[in-house]
Amino acid sequence: MAETAVPMLELTVDEHDVIRGAEQVLKAIRPHWRCDSIRFKLFTDGITNKLVGCFNQNNNRGDEDGDLEGDGSAGDVVLVRVYGNKTDLLIDRKKETENIQLLHRYGYAPSLYATFRNGLAYEYVPGVTLTPESCREERVWRLVAKRMAQMHKVEQAGSVRHPMLPDKLDQFLKLIPQTFSDPVKHKRISKIFPNVTVLRRDFDELYDKLNQLASPVVFCHNDLLLGNVIYNAERDRVTFIDYEYAAYNHQAFDIGNHFTEFAGIDEIDYDRYPRKEFQLRWLRVYLDEFIGPHCNDSDVERLYVQVNQFALASHYLWTVWALIQAEHSTIAFDFIQFAENRYREYLRRRDEFLALTYQN
């Protein structure tokens, strides 16, 4: 059966007035909704995009926090995401749409209702986003490990199985301005970070080492921060959201990136990075799902080394990403401090992680 085309709406939402923009989106995709029955909730967790929840109160009663009582119906709740300023420089939006549709067919992503010039509208997934505490709860992390393994077995027809990491890092480095438009920001950044030439050389040396690990290239999420994992206790399941960077990449990058996100966003604490004992348990659950229960201790140890070394590349990628955001983003967030946190952790862990070895 042919897949239903996703409507493309010829409108641009003002990122400073997203509620009014969401109303325009709803008029096109939910014309039967009565204006006086819609409640809007502006979510403030993201640091890249702006997200508004649109609740049709004719059928569902929302609580004061913007969550629904009960699971509700996907047709009665719409999420409208407005892209951050200049994020089209960083993200292939056509590919993002294709990723969501692909993963929805597998049952791994929400339904996509429509796209517009600077955003998209999609299905509300009942549940709560993970926190630095809940991501360690056994009933939760086991679901995450299994779902990631399942996603890593997705096949994307027509795509070259080439890791996105080196090309994406190269793309990002080219977007760092030689001189930041804000002199105060430029002074701060110049004191903390080396120039682009040095950053590029350092990453190339790192990637040469990582390439020798021969981490399999699989279909990855590539941005599995805690806010991109929705846990539904009633259904005992997790759903991943926001597939802006999904693409073929090194398996160990996706897992290592997720582990670095245990530190949190609002109050980053890299002491939360999971210890070896936790990682080995997590990785065994992952491998049991990815390759079957015949995986052995050496398989787990090998992946442990790969994951921690690729975690260094995760820090590097998001360091460079944050420097670009520091120039262009209009969201009230200290991207320079975020970049510094990631870069300092990369430097702190580099020798330790690169010294890890395993027995073949």
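From helices alone, the chain scores -14000 deg cm²/dmol at 222 nm; the rule is -39500 (n - 2.57) for each run of n ≥ 4 DSSP H residues, then divide by the residue total.
Partners of Lys94 within straight-line reach, counting aspartates and glutamates whose Cα lies under 17 Å from its Cα and excluding those fewer than 8 residues away in the same chain: Glu3, Glu10, Asp242, Glu244. Computed over the chain, relative contact order equals 17 percent, with contacts defined as Cα pairs under 8 Å that lie 6+ residues apart.
Note on Cys35 and Glu137: the model spin-label points, each 7 Å out from Cα along the C-beta direction, lie 4.2 nm apart.
Take every DSSP beta bridge whose two residues both sit in the chain; close to 95 percent of them are antiparallel.
Look at Arg344, Arg272 and count the other Cβ atoms within 10 Å of each Cβ; fewest to most, that gives Arg344, Arg272.
Note on the chain: with a GNM built from Cα contacts shorter than 10 Å, the maximum mean-square fluctuation among Gly256, Gly292, Gly119 falls on Gly292.
With the convex hull drawn around the C-alpha atoms of the chain, the volume per residue stands at 149 Å³. Between Asp17 and Arg161, what is 0.36 nm times their sequence separation minus the Cα-Cα distance? Round to one decimal in nm. The span from Asp17 to Arg161 would gain 47.8 nm if fully extended. Select from Asn58, Asn85, Asn257 the residue whose mean-square fluctuation is largest in a Gaussian network model of the chain (Cα-Cα springs shorter than 10 Å). Of Asn58, Asn85, Asn257, the Gaussian network model singles out Asn58 as fluctuating most. Other residues with beta-carbon under 12 Å from the beta-carbon of Val218 carry, at +1 per Lys or Arg and -1 per Asp or Glu, a net charge of 0.
The residue list Gly227, Ser215, His186 was ranked by how far each Cα lies along the charge dipole of the range 184-242 toward its positive end, using unit charges on Cβ atoms, and His186 comes out on top. Under 17 Å of direct C-alpha separation, and excluding same-chain neighbours fewer than eight residues apart, Lys174 reaches these lysines: Lys86.
Net charge near Arg139: determine it from the other residues with C-beta under 14 Å of the C-beta of Arg139, scoring Lys and Arg +1 and Asp and Glu -1.
Around Arg139, the charge tally is +2.
Net charge in the neighbourhood of Lys86 (other residues with Cβ under 12 Å of its Cβ; Lys, Arg +1, Asp, Glu -1) is -3.
A short reminder: the numbers here are calculations on the coordinates, not readings from a lab. Nothing here was measured: the structure is a model prediction, and the numbers come from that model. All Cβ positions, even for glycine, are placed from backbone atoms using ideal geometry, and neighbour counts span all protein chains on display.
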